[in-house]
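A.B. asks: Structure provided below as structure tokens; questions to follow.
The values are calculated or read from the model by the stated rules, or taken from the named source; none is laboratory data. Fair warning: this is a prediction, and the values are worked out from it, not measured in the lab. Positions of Cβ are generated from backbone atoms using ideal geometry, with glycine treated the same way; all protein chains shown enter the neighbour counts.
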Amino acid sequence: MSNSIGGWRPGPTWRWLCVAAVIQTAVLWSIVAKRQALLRDGKEIALPVMPVDPRDLFRGDYVTLGYELTPIKSMALDGRPSFDGLSKGAIAYVTLHQSVDESWLVRSISAKFPERVDNGDIVIRGRVAYHWGTAGSSDESIDVRFGIERYFVPEGTGALLETKVRDKAIKALVAVGADGTAGIKGLLIDGQRHEDPPLF
Amino acid sequence: MWGYQKRLAADLSRWKANGWLTDEGEAQIARELVSNRRNFGLAPALGVLASVLLAFAVMSFVAAHWQDIARGARLVILFASMWTGYAVAGMFGARGQSGMSDAAILFAVAVFGASIALISQMFHIDGHAPDGVALWAAGALLSGVLLRSNAAVAFAMGLVAVWGALETFERAAVFWPFLLGWAAVSAAFLWQRWRPGLHLSALAVSAFVIALGYVLSDGHDHALVVALGLMAVVSGLAIERFEPAWHVAVEPVVGYGLMTTFAGAMALQFGENPSGVALIVMASLTLLVLIGSIAYGMSTRRPSAIWLGYLGFSIEILALYAKTVGTILGTSLFFLVAGVLVAALAALAWRLAHRSAESERSS
């Protein structure tokens, strides 16, 4: 057995170096391609956002977007459903329907993708962040994160966007895929679309 | 490594004096030692540090100028940095400088992880962070195995541990998939026959077992930790007795098992709130196991068991002192009893040693 990191061993061969580099590049590229496809093909909805707080140590400035969809209260839903299987960290599927004034409201939430989805309804996949209250009680509620809670902005412009978010002048343009995955396409600021152009 | 060279140098002169070793043989061994030392020297160590700094440079440059760089160009920079890392690794490898090659592989693996974060940023993905760490760990393991890089596999073990910890904290429940990742990385250590890596594996799984005590049964399952630790100790002793071929595994299995047992015992005694009698019983058993470890280490010449025993004994005594100061139990009474017991054990040990010496003399 070799006891050191630096002890003599044959060096890596070019063939395996290429294999490693190609596989890792392909993995990263598949993340990009999947996301591009989601933003292109997913159904677009506009969701009003609420302010939270900025700055990520590694990734520059961002605005944290809160959505009015959450927290979801059991008593606010039809038939006061149980939140079984939706413990902290579990995957949750939230079904949305559009009200008369075109805003999106929560219809139901479940641990599995719903078998029947009404025409015009949309299912978003998320992860349970908190689950309060005793099961079946009227105060039972659940907080879900959809992976669309951060919007990264050029350095220095975070504060400006924060104010807009605070004034409720911003909506997030969200693309939702057939499997429920949600991605941010861009922002709707004072009615104007701001989005990154597609990569390819 | 250095300790080994020093010991070897002393042995060499003795072997030569005994006439077991020719001049030529000694010169050969000395040459190999020197070449090993060169490989293990300052250059690869600095290389690893440099690769860490360079990876941070790429990460922060790209993050700081993110908006000024066209989105396509960002991907090109990330991919090019990673490929450069692998190319440099190949160049060093071709020259037989495996330490420097390892450092370059580590750089490429770090850029792979940074790319996951930066691509998430590019598409405003606020994903589940542990998933990103898991993907990074898989990439590190892949590089480590394909390129036989011990450093990359060790890095993968660190990432698997971070992944398990993040998931456990989020769910406040046992995260069993950790064991799959752990097994995959451990298998890579075995395959590469790298012993320090197996220590990392043992450390990671010990931490997992100790964490079980804080997660299962609403965070009060430390008895299970003690049981699992003792099982490891017993299986280590069984290997020693019945599987001489596996002797190399005995010391670590016993050592990590003992550490786990002790961590569980500490939590039971001082994390929970046992009654006075229960505390006395548990403390006495813990001290007995630790004394057993010292005795075992001395009789089998395994220094790790001796030192773990001494260390545990000191920690246990200090913790007991802190806990029992000013309580009904009466600190001084406890130490009086403990002192008498240990003294009795010492007398017993002396008599046993005396008797075995006598029987040796008579035989």
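A.B. asks: So which residues in the range A:29-45 are part of a helix (DSSP H, G or I) and among the small types (G, A, S)?
C.D. replies: Within the range A:29-45, A:S30, A:A33, A:A37 qualify.
A.B. asks: Here is a follow-up. Which residue, of B:A165, B:A238, B:A161, is under 17 Å from the mean Cα position of the chain (by Cα) and more than 14 Å from chain A (Cβ to nearest Cβ)? First the steps, then the outcome.
C.D. replies: Numbers: B:A165 fails: more than 14 Å from chain A (Cβ to nearest Cβ); B:A238 fails: under 17 Å from the mean Cα position of the chain (by Cα).
The match here is B:A161.
A.B. asks: Out of the residues in the range A:136-154 that are over 14 Å from A:L65 (Cβ atoms) and of a type in the set (S, T, Y), state the one that is surrounded by the most Cβ atoms within 10 Å (Cβ to Cβ).
C.D. replies: By that ranking, first place goes to A:S141.
Here is a yes/no grid of residues against (1) modelled with pLDDT of 90 or more; (2) within 13 Å of chain B (Cβ to nearest Cβ):
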| residue | (1), (2) |
| --- | --- |
| A:R150 | no, yes |
| A:L161 | no, yes |
| A:K164 | no, no |
| A:A178 | yes, no |
| A:G191 | no, no |
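A.B. asks: Which residue out of B:L198, B:L230 is farther than 29 Å from B:R148 by Cα and either at pLDDT 90 or above or touching a Phe, Trp or Tyr at 6+ places or on another chain (Cβ under 9 Å) (or both)? Give the derivation first.
C.D. replies: Details: B:L198 fails: farther than 29 Å from B:R148 by Cα.
The unique qualifying residue is B:L230.
A.B. asks: Can you spot a residue in the range B:164-180 that is β-branched (V, I, T) and farther than 23 Å from A:A20 by Cβ?
C.D. replies: Quick first cut of the range B:164-180, residues β-branched (V, I, T) only: B:168, B:174.
Next, only the ones that are farther than 23 Å from A:A20 by Cβ stay: B:168, B:174.
Checked against the condition, which is being β-branched (V, I, T) and farther than 23 Å from A:A20 by Cβ, the range B:164-180 yields at least one hit.
A.B. asks: Which ones in the range B:94-112 are without any contact (Cβ under 8 Å) to a residue 40 or more places away in the chain, of a type in the set (G, A, S) and part of a helix (DSSP H, G or I)? Lay out the reasoning, then the answer.
C.D. replies: Restricting attention to the range B:94-112, the residues satisfying the condition of being without any contact (Cβ under 8 Å) to a residue 40 or more places away in the chain are B:94-96, B:108, B:112.
So of that shortlist, the ones also of a type in the set (G, A, S) come out as B:94, B:96, B:108.
Correct list: B:A94, B:A108.
A.B. asks: Let me ask another. Kindly evaluate B:S304 against the criterion of being assigned to a helix (DSSP H, G or I) and over 21 Å from B:V225 (Cβ atoms).
C.D. replies: Values: assigned to a helix (DSSP H, G or I): yes; over 21 Å from B:V225 (Cβ atoms): no.
In short, no.
A.B. asks: Are any residues in the range A:187-200 free of Cβ contacts under 8 Å to residues at least 40 places away in the same chain and either surrounded by fewer than 19 Cβ atoms within 10 Å (Cβ to Cβ) or under 18 Å from A:A92 (Cα atoms) (or both), and if so, which ones? Lay out the reasoning, then the answer.
C.D. replies: Narrowing the range A:187-200 to residues free of Cβ contacts under 8 Å to residues at least 40 places away in the same chain: A:187, A:189-197.
The answer is A:I189, A:D190, A:G191, A:Q192, A:R193, A:H194, A:E195, A:D196, A:P197.
A.B. asks: Can you report the number of residues in the range A:102-121 which are within 16 Å of A:P48 (Cα to Cα) and either in a strand (DSSP E or B) or modelled with pLDDT under 85 (or both)? So that I can check it myself, show each step before the final result.
C.D. replies: Applying the first criterion (within 16 Å of A:P48 (Cα to Cα)) to the range A:102-121 yields A:102-106.
Going one step further and asking which of them are either in a strand (DSSP E or B) or modelled with pLDDT under 85 (or both), we end up with A:102, A:104-106.
Selection size over the range A:102-121: 4.
A.B. asks: If you go through the range B:237-290 one residue at a time, how many are within 25 Å of B:Y214 (Cα to Cα) and either out of contact with any helix residue (DSSP H, G or I) (no Cβ under 9 Å at 6 or more places or on another chain) or not aliphatic (A, V, I, L, M) (or both)?
C.D. replies: The qualifying residues number 20.
A.B. asks: Please verify whether B:A223 is modelled with pLDDT under 95, part of a helix (DSSP H, G or I) and buried (at least 19 other Cβ atoms within 10 Å of the Cβ), treating the condition exactly as stated.
C.D. replies: Values: modelled with pLDDT under 95: yes; part of a helix (DSSP H, G or I): yes; buried (at least 19 other Cβ atoms within 10 Å of the Cβ): no.
Against the criterion (modelled with pLDDT under 95, part of a helix (DSSP H, G or I) and buried (at least 19 other Cβ atoms within 10 Å of the Cβ)), B:A223 does not qualify.
A.B. asks: Looking at the range B:82-98 only, could you name the residues that are surrounded by fewer than 23 Cβ atoms within 10 Å (Cβ to Cβ), aliphatic (A, V, I, L, M) and closer than 26 Å to B:M59 by Cβ?
C.D. replies: Listed by number, the residues that qualify are B:A87, B:V88, B:M91.
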